[in-house]
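See below for the structure under consideration.
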Amino acid sequence: MKYDYIVIGAGSAGAIIATRLTENPSKSVLLLEAGPDYADLESLPDEVRYGNAIATSIMTSDHNWQFTGRATDEAEPMLVPRGKITGGSSAINAQIFLRGDPGDYDNWAEWGNDRWSFEKSLPFFRKLETDTNYSDDFHGTDGPIIAHRFQPDAWLDSSKAFYQACLDYGFQDTPDHNNPDSTGVGPLPLNNPNGIRWSTNLGYLSLSRHRLNLTMRPDCVVHRIEFDGNRATSVVVESGGEVFTVEAKEIILSAGAVGSPQILMLSGVGPADHLNEVGIPVVKNAPGVGQNLRDHPLAYISWKTKPAHELDPNDPRLQFALRYTAEGSEFKNDMIVYMNTFATERVNRGGNRMDPTGIRMILGLDLEVGSGELKLASSDPHAEPILDYNYFEEEFDLSRMRDGVRMCVTLGENESWNDIIESRIDPPDDALESDDALTDWLKREVTTGHHISCTAKMGPATDPMAVVSQTGKVHGLEGLRVADASIMPDCVRSNINVTVMMIGERIADMIIHGE
Amino acid sequence: MKYTHIVVGAGSAGAALATRLSEDPERSVLLLEAGPDYPDLETMPVDLKFGWGTGADFVVEDEHNWKYTAKSTAKGPTMDVPRGKVTGGTSAINGQVFLRAIPEDFEYWVSMGNDEWSYEQVLPYYRKLETDTDFSDDFHGTEGPIIVRRHPLDELQPDQAAFYNACVAAGYAENPDHNHPDATGVGPYPLNNPEGIRWSTAVGFLSMARHRINLTIRPNCTTRRVLFDDTRATGVEVESGGESFVVNGDEIILSAGPIGSPHLLMLSGIGPADQLAEHGISLVKDVPGVGQNLRDHPTVHVSWRAQPDVPAPPQEVGPQKVALRYTAPGSDIKNDMIKVMRFRKIDRLLVMSVGLYLALGKGELKLQSPDPDVQPSLDYNYLQEAEDRRRLREGVRLCLELVDMKEFEKVVGERVNPDDAALASDNALDEWLMRSVSTMHHISCTAKMGPDSDPMAVVDQHGRVKGVQSLRVVDGSIMPDCTRANTNVPIMMMAERIADFIKAGE
């Protein structure tokens, strides 16, 4: 039996592609997912269903690949959670429903991907969302993913204090972060109506899972793709301890920015010298696979709160964000600060999601200059790939983060915090004494923003590091696409889930139209 | 996309068949089930998982049930006919009696022109499907998917012990293994409920197969009809989530049960031409036998109040089901009768059921409407044959004789049913039988197999529907006559056997 399409990975992109392709009843799709499937809200485990937990909470959950990565030489090994469940990372994430800056997509277009300008991407941003607060040319009203912003009556005290401190600092009031011109401080758009994490499983697969032309197979780990010459023909997949081969006319890799380059390399598509090194026969030398690893490095600026300030673990933990442009930067909105109203110690340092340490601001570098790389540790599909995030190799990345930390410290000194903050915990005063001291602190403390991307970037065939064309087709091969965060040429200046969903919608549309 | 096999119905036959066919990775199997699927014991609802209930208990309340209704006799009330609507089919809701048909049943099938179904030929498939935890010899399997056990005699509850001892005292053979080919007499039923778990084909078979990428299990999918290109079956029309889909297969296999399979055949244009015409269904092939020859095991329940100090069986023990199989006096049909007793907790009645394991009479299934949601009419037409009435009358009287024996002295109190008036004469008892007779839940034979010379045969010995191509029926429908045994094991055996036919290209 031969499917029309096999989609590998039921995450932010794959669940969407499978749903859109099966709208045509004459097309058959096999959707493979390594993790389990929960067919409805009732059967969804609480940690997946309810979205008040933020990324650190699911670091050790069962629905998580539990990768580790290198941040810098000075930092401890970094936990890298990625969703291993239908819905993928959209089923375990912080539900921040933020679009990138229009300039991100326009840059992609400028680099030879003219189909991906903001203007051309906008219909797909609109298609995927139901924004319950705004309905206009920029927002969708009948898409599968439901987004909202907390209204003033639901703002927690520390959200309000943060908002006021940012306004006092001179930042613009931004009621809608998804407006293309937005900058400044405002409530985050969140895809968690009624506290429920509205993953692509809930939003999309619930529309399609009854279709007889969609076969969803959870608990299936893909080993590799097989080729006949340069045409991808089948997928080798492990299920229940047995290995099966299943054929398709076209194979779409949506295994994420870790899984997709990993599977490409396991299948012989990657840098030839590296494949030789791990003993994988080369099908296609693609030097860009695994390179150009991008993320948003984070630093936590945290405070102990006064005893009278209530910290309820069941309250929302992220309501507000500040997006701003670093001083001296030419990249608009290259910095972000999330107000985390219930902070906990990191899991790998003994933290627990229910025990608060106070509050914190999460400072993120939303457009790195530096990049890292992903490589195979072994030809064993069960071996975790090596993730080297390689943060802060570029001085400009460091200087923007240092300035950002100092700004957050200043924000925390605003009188709006008088009833809340008792004392600053991090960074300690000595780390603020000099640039060198702060650099040392940042290199030790930096961690991932969970936005690994760009590891199989799209670009014209003239770019030797481009892995896929702007339709997601792997250069030099037939019958194989990549459609997920891997193909972003550079990271977007926002949390990436919405952009990855847009990529899913966009590439599904290209496939449907024979592009 | 086209599957090599589409199996309609994940019941006693379909789940086994899909499992065996998908052992070959070159075959792709779509298994369609109208009910829900529970992929493991942890997610399975308790009423399915544990075999404490008996046939009578799930008649009304179980949601995993097609809830058909039927006519028993002209005088009987409308009869509930539960059939499983869940992966495992009726094997997921049944009484777990793991009884084989006897060699004489197969002699009879062979005599009707089905020479591939002799006892010698089916024995390997009986062995293949079971793990008998009590007996291991030439007649029993030790590594099959369905696990079987019997309650040891020394663990019997007082009511079951009384029944057993009374039968022995009455001269019936002690029968430690009802599945021995020569077995007759009294002994504990073999039960497929290890540790109380109802070991359905979903648990036994699908658990071995559901990980296979070449097996696609689709629960909550109602098959509407088989689609044909001229007389070749090409696919099925299926309703899922309120939408209608067409799926294609090289071969379509109906395992929807003795109600569902003939119903689907008729909805698809295969059946008695006059019936199809009456409901405006375009004829694909006039097959007069579809829905005819409806067989079952008719049964009546004789009941007494339990004496106050007789303990109700604890839930974890469940119904123990000591069974007496015997040949009715004056009958030349071996083991044509069955008696089994249970303690009905709800009203503390001891209920001795007596059934005809081989009735002479038969009923019919007819289409009522072209709407697939309207069940076919089921007329079981019990006890039309004088010999059926005679054997059942005598069976009732034998129940009374057994209970009069001293072994029952401390167990049984006042008789509730039938009352003395009903026992006053043959006519009075017949009257009571016609009002009381009900189903043992073994409807079968509604699309029987047989040679081409038999105009009422619907399928050949390999389950292939006559006169069309690429369509089989594999389930209790194709039995030529009912087995002298609860039908679940024979149906699983038939699926195992036909899976091998299919693999051999037959």
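The values are calculated or read from the model by the stated rules, or taken from the named source; none is laboratory data. This is a predicted model, so every value here is computed, not measured. Don't worry about glycine lacking a Cβ; one is built from the backbone with ideal geometry, like all the others, and counts go over all protein chains shown.
Can residue B:292 be described as at pLDDT 95 or above, of a type in the set (S, T, N, Q) and either within 30 Å of residue B:422 (Cα to Cα) or surrounded by fewer than 17 Cβ atoms within 10 Å (Cβ to Cβ) (or both)?
It is false that residue B:292 is at pLDDT 95 or above, of a type in the set (S, T, N, Q) and either within 30 Å of residue B:422 (Cα to Cα) or surrounded by fewer than 17 Cβ atoms within 10 Å (Cβ to Cβ) (or both).
Do any residues in region A:23-41 that are within 10 Å of another protein chain (Cβ to nearest Cβ) have Cβ atoms under 7 Å from those of residues that are acidic (Asp, Glu) and not in a loop (DSSP other than H, G, I, E, B), where the two are at least six apart or on different chains, and which pairs are they?
Between residues of region A:23-41 that are within 10 Å of another protein chain (Cβ to nearest Cβ) and residues that are acidic (Asp, Glu) and not in a loop (DSSP other than H, G, I, E, B), the close pairs are A:27/A:4; A:28/A:4; A:29/A:4.
Which residues, taken from region A:289-314, are over 23 Å from residue A:351 (Cα atoms) and surrounded by fewer than 24 Cβ atoms within 10 Å (Cβ to Cβ)?
Matches in region A:289-314: A:291 only.
Here is a yes/no grid of residues against (1) in contact with a helix residue (DSSP H, G or I) (Cβ under 6 Å, 6 or more places away or on another chain); (2) in the same structural domain as residue B:348 (by TED's automatic domain parsing):
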| site | (1), (2) |
| --- | --- |
| B:108 | no, no |
| B:128 | yes, no |
| B:142 | no, no |
| B:158 | no, yes |
| B:164 | no, yes |
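Counting only residues that are in a loop (DSSP other than H, G, I, E, B) and in contact with a Phe, Trp or Tyr (Cβ under 7 Å, 6 or more places away or on another chain), how many does region A:371-400 have?
Final tally of qualifying residues: 1.
Give the residue, chosen from B:315, B:384, that is farther than 24 Å from residue B:105 by Cα, polar (S, T, N, Q) and part of a loop (DSSP other than H, G, I, E, B).
On the way: B:384 fails: farther than 24 Å from residue B:105 by Cα.
Criteria check complete, one pass: B:315.
Would you mind finding the one in A:301, A:263, A:196, A:252 that is among the β-branched types (Val, Ile, Thr), under 30 Å from residue B:7 (Cβ atoms) and away from chain B (no Cβ under 14 Å)?
A:252
Go through the residues of region A:415-430 one by one and say whether even a single one is assigned to a loop (DSSP other than H, G, I, E, B), touching a residue at least 12 places away in the same chain (Cβ under 8 Å), among the hydroxyl-bearing types (Ser, Thr, Tyr) and touching a helix residue (DSSP H, G or I) at 6+ places or on another chain (Cβ under 8 Å).
The answer is no, given that none of the residues of region A:415-430 is assigned to a loop (DSSP other than H, G, I, E, B), touching a residue at least 12 places away in the same chain (Cβ under 8 Å), among the hydroxyl-bearing types (Ser, Thr, Tyr) and touching a helix residue (DSSP H, G or I) at 6+ places or on another chain (Cβ under 8 Å).
Can you pull out the residues in region B:450-506 that are among the hydrophobic types (A, V, I, L, M, F, W, C) and part of a strand (DSSP E or B)?
B:459, B:465, B:471, B:473
Could you run through region A:165-185 and say how many residues are farther than 23 Å from residue A:120 by Cβ and either at pLDDT below 95 or surrounded by 23 or more Cβ atoms within 10 Å (Cβ to Cβ) (or both)?
So the count comes out to 3.
Within region A:478-512, work out how many residues are in a loop (DSSP other than H, G, I, E, B) and crowded, with 24+ Cβ neighbours inside 10 Å.
10
For region B:272-285, enumerate the residues that are in contact with a Pro (Cβ under 7 Å, 6 or more places away or on another chain) and touching a residue at least 40 places away in the same chain (Cβ under 8 Å).
B:279, B:280, B:281
Kindly indicate which of B:136, B:240 is under 30 Å from residue A:238 (Cα atoms), among the hydroxyl-bearing types (Ser, Thr, Tyr) and either surrounded by fewer than 20 Cβ atoms within 10 Å (Cβ to Cβ) or within 14 Å of another protein chain (Cβ to nearest Cβ) (or both).
Being under 30 Å from residue A:238 (Cα atoms), among the hydroxyl-bearing types (Ser, Thr, Tyr) and either surrounded by fewer than 20 Cβ atoms within 10 Å (Cβ to Cβ) or within 14 Å of another protein chain (Cβ to nearest Cβ) (or both) holds for just one of B:136, B:240, which is B:240.
Kindly indicate the residue of region B:1-22 that is in a loop (DSSP other than H, G, I, E, B) and farther than 28 Å from residue A:5 by Cβ and also nearest to the other protein chains (Cβ to nearest Cβ) among those meeting that condition.
Ranking the qualifying residues of region B:1-22, first place goes to B:9.
Which numbered condition trips up residue A:205, out of (1) within 21 Å of the chain's Cα centre (by Cα); (2) within 14 Å of chain B (Cβ to nearest Cβ); (3) in a loop (DSSP other than H, G, I, E, B)?
(3)
Quick check: anything in region B:238-249 in a loop (DSSP other than H, G, I, E, B), closer than 19 Å to residue B:373 by Cβ and free of Cβ contacts under 8 Å to residues at least 40 places away in the same chain?
Scanning region B:238-249 turns up at least one residue that is in a loop (DSSP other than H, G, I, E, B), closer than 19 Å to residue B:373 by Cβ and free of Cβ contacts under 8 Å to residues at least 40 places away in the same chain.
Which ones in region B:183-237 are within 14 Å of chain A (Cβ to nearest Cβ) and assigned to a strand (DSSP E or B)?
Passing the criteria: B:215, B:216, B:217, B:218, B:221, B:222, B:223, B:224, B:227, B:235, B:236, B:237.
Restricting to region A:225-240, give me the number of residues that are without any contact (Cβ under 8 Å) to a residue 40 or more places away in the chain, at the interface with chain B (Cβ under 8 Å from one of its Cβ atoms) and either over 30 Å from the mean Cα position of the chain (by Cα) or in a strand (DSSP E or B) (or both).
Residues that pass the stated criteria total 1.
Starting from residues that are of a type in the set (D, E, K, R) and outside any loop (DSSP other than H, G, I, E, B), keep the ones in region A:349-365 and report whichever is farthest from residue A:422 (Cα to Cα).
In this case the residue turns out to be A:349.
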